[in-house]
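Student: Provided herewith is a single structure, encoded as structure tokens, for subsequent inquiry.
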Amino acid sequence: MKWTNDRSGNFEDRRGSGGGGGMLVGGGLGTIIIAAIVFFLGGDPSAILNNGASSSQQTEQRQLSKEELNIGEFVSMTTALNEETWSKIFQENGIQFKPAKVVAFETATQSGCGPAQSEMGPFYCPADQTIYMDMSFFNELQQNFGAKVGQFTIAYVLGHEYGHHIQTLLGTTQKVNELRGKYSETEMNKVSVATELQADFYAGLWAKQTDNREKILEPGDIQQAMSAAAAVGDDNIQKRGQGYVNQESFTHGSSAQREEWFMKGYNTGDIRQGDTFNALLK
Ligand SMILES: [Zn+2]
């Protein structure tokens, strides 16, 4: 991906801050809207509530390496490119846009949805409209899930999480939450898959519209996104984790579906084509 000069004022890098920036404290759990949390990797909600473990996870304060600082710049730039593209799309549709905050962290940090731990992977918290980017996730993606990781992998993941922010701004997240309790677990899993695939669609749409404006894409970028989308497909995760695939328990969609919806967003560049709910829940 080609770099631009854009940087976002909504990006905060908490890596290397040790106990200072993002340490976990107890309390505040009453405000957790646990049901609203949409994990990128289908994390276990108990992990976020596991306050006791947090004190042992104090990270050392340390200087970030040149490479880490560079990645921070990249996340800041990609955040700015999401802000620009989405504010344009919202403007065209007469909707008010509000940017998300983006926090890069390692090991653990405090979030508006409770303590965040890196086992959860990157996620979006609707309560504070913030994307938490666990940067160690990308090593994990390469080593344990077989993705070919490059800079555009980070752009895809951020684009996906930004997609969840868009869902919150458009009221989709709230509508999904209203279904909890009314729907069975199996039905709710299907709703979750539709929610996740729409976030992939939004990531593809973002890539297309940003490239139209800024010419950011280089050969191999879309393949990197596809590789990551395939790696985090439920079938791939289940195969690697438990050795078999149970489609009913899918919460994020299969590798093929994730690639398909990212590409649909990318190829159409049209937000109206992203109704995964209608497409999947009929
Ligand atoms: Zn997601």
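Student: Hey, can you tell me all the residues within segment 78-95 that are hydrophobic (A, V, I, L, M, F, W, C) and buried (at least 20 other Cβ atoms within 10 Å of the Cβ)?
Tutor: Those that are hydrophobic (A, V, I, L, M, F, W, C) and buried (at least 20 other Cβ atoms within 10 Å of the Cβ): 80, 81, 86.
Student: Further, regarding this structure: Search segment 256-268 for residues being in contact with a helix residue (DSSP H, G or I) (Cβ under 7 Å, 6 or more places away or on another chain) and open to solvent by 20 Å² or more (accessible area, probe 1.4 Å), and hand back the single one that is nearest to residue 206 (Cα to Cα).
Tutor: Result: 266.
Student: Let me ask something else. If the requirement is being part of a helix (DSSP H, G or I), open to solvent by less than 50 Å² (accessible area, probe 1.4 Å), within 15 Å of the ligand (Cβ to nearest atom) and at pLDDT below 95, which of these qualifies: 47, 35?
Tutor: Unique residue meeting the criteria: 35.
Student: Checking residue 184 against (1) more than 16 Å from the ligand (Cβ to nearest atom); (2) touching a residue at least 12 places away in the same chain (Cβ under 8 Å); (3) not charged (D, E, K, R), which single condition isn't satisfied?
Tutor: Result: residue 184 fails condition (2) only.
Student: Yes or no: residue 157 among the aliphatic types (A, V, I, L, M), under 27 Å from residue 266 (Cβ atoms) and more than 14 Å from the chain's Cα centre (by Cα)? Before the answer, list the steps.
Tutor: On the way: among the aliphatic types (A, V, I, L, M): yes; under 27 Å from residue 266 (Cβ atoms): yes; more than 14 Å from the chain's Cα centre (by Cα): no.
No: the conditions fail for residue 157.
Student: Considering only residues of segment 95-150 that are in contact with a helix residue (DSSP H, G or I) (Cβ under 8 Å, 6 or more places away or on another chain) and β-branched (Val, Ile, Thr), which is farthest from residue 162 (Cα to Cα)?
Tutor: Taking the candidates together, the pick is 107.
Student: Given the criteria modelled with pLDDT under 95, within 26 Å of residue 172 (Cα to Cα) and charged (D, E, K, R), does residue 248 qualify?
Tutor: yes
Student: Taking only pairs six or more apart or across chains, which ones have beta-carbon atoms under 6 Å, a first residue in segment 138-163 that is within 15 Å of residue 197 (Cβ to Cβ), and a second residue that is buried (at least 24 other Cβ atoms within 10 Å of the Cβ) and aromatic (Phe, Trp, Tyr)?
Tutor: Hits for this filter: 159/206; 161/124; 163/202.
Student: Do we have residue 214 as surrounded by fewer than 21 Cβ atoms within 10 Å (Cβ to Cβ) and either within 15 Å of the ligand (Cβ to nearest atom) or more than 17 Å from residue 82 (Cα to Cα) (or both) here?
Tutor: no
Student: Here is a check on your reading of the model: is residue 129 touching a Ser or Thr at 6+ places or on another chain (Cβ under 8 Å), open to solvent by 30 Å² or more (accessible area, probe 1.4 Å) and free of Cβ contacts under 8 Å to residues at least 40 places away in the same chain?
Tutor: When the stated conditions are applied, residue 129 passes them.
The values are calculated or read from the model by the stated rules, or taken from the named source; none is laboratory data. Bear in mind that the values here come from a model prediction, so they are computed numbers and not experimental data. No Cβ is skipped: glycine too gets one built from the backbone with ideal geometry, and neighbour counts run over all protein chains shown. Only protein heavy atoms, including side chains, enter the accessible area calculation; ligands, DNA and RNA are left aside. Shrake-Rupley method; radii C 1.70, N 1.55, O 1.52, S 1.80 Å.
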